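The values are calculated or read from the model by the stated rules, or taken from the named source; none is laboratory data. Small disclaimer: the values here were computed from a predicted structure and weren't measured. Because the Cβ atoms are built from the backbone with ideal geometry, glycine has one as well, and the counts that use them run over all protein chains shown.
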Amino acid sequence: MPARTSPGYLVEWYQPDLADGSVPLIVAALEAAVAAASEPVELFVTMGVPSDEVVYALFEASSSDAVIDVCERAGYPPQRVTADVDAHFRTEPLAERADGFLPAAQA
């Protein structure tokens, strides 16, 4: 993941009827809204947690208003937006790490 230039925002939605096929539909709607956004907004990851009936998405944007606008245009008004989220993603597979670290399951 490249160095961030804008704040990160974690968006949450309560989805009481979250089913296996729901998250890809939500992602498609969000991606379409991001593509049509008037301000730069990037969707990094979307996660569905059916046991908690919640969906999370991590965005990068210049403002929370830009993120809220994208979500509303997608048909998923956010129920909670948390600003200044710092997320880190692994960029290489564990087996190829330079430090030689392998979890016990792979060693």
With respect to ASP99, is the statement that it is at pLDDT 80 or above and of a type in the set (D, E, K, R) true? no
Please determine whether any residue of region 8-20 is in contact with an Asp or Glu (Cβ under 8 Å, 6 or more places away or on another chain) and under 18 Å from PHE89 (Cβ atoms). yes
Taking into account only those residues within region 15-33 that are modelled with pLDDT of 95 or more and surrounded by fewer than 17 Cβ atoms within 10 Å (Cβ to Cβ), which is nearest to GLY75 (Cα to Cα)? ALA29
Which residues, counting only those in region 60-79, are of a type in the set (D, E, K, R) and in a strand (DSSP E or B)? GLU60
If I ask for residues that are touching a residue at least 24 places away in the same chain (Cβ under 8 Å), among the aliphatic types (A, V, I, L, M) and out of contact with any Leu (no Cβ under 6 Å at 6 or more places or on another chain), which ones from region 28-40 would you list? ALA29, ALA32, ALA33, ALA36, ALA37
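Listed here are the residues, each with its yes/no results for (1) assigned to a strand (DSSP E or B); (2) within 14 Å of PRO7 (Cα to Cα).
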position: PRO24; (1), (2): no, no
position: LEU30; (1), (2): no, no
position: ALA33; (1), (2): no, no
position: GLU42; (1), (2): yes, yes
position: GLY48; (1), (2): yes, no
position: LEU58; (1), (2): yes, yes
position: VAL81; (1), (2): yes, yes
position: ALA87; (1), (2): no, yes
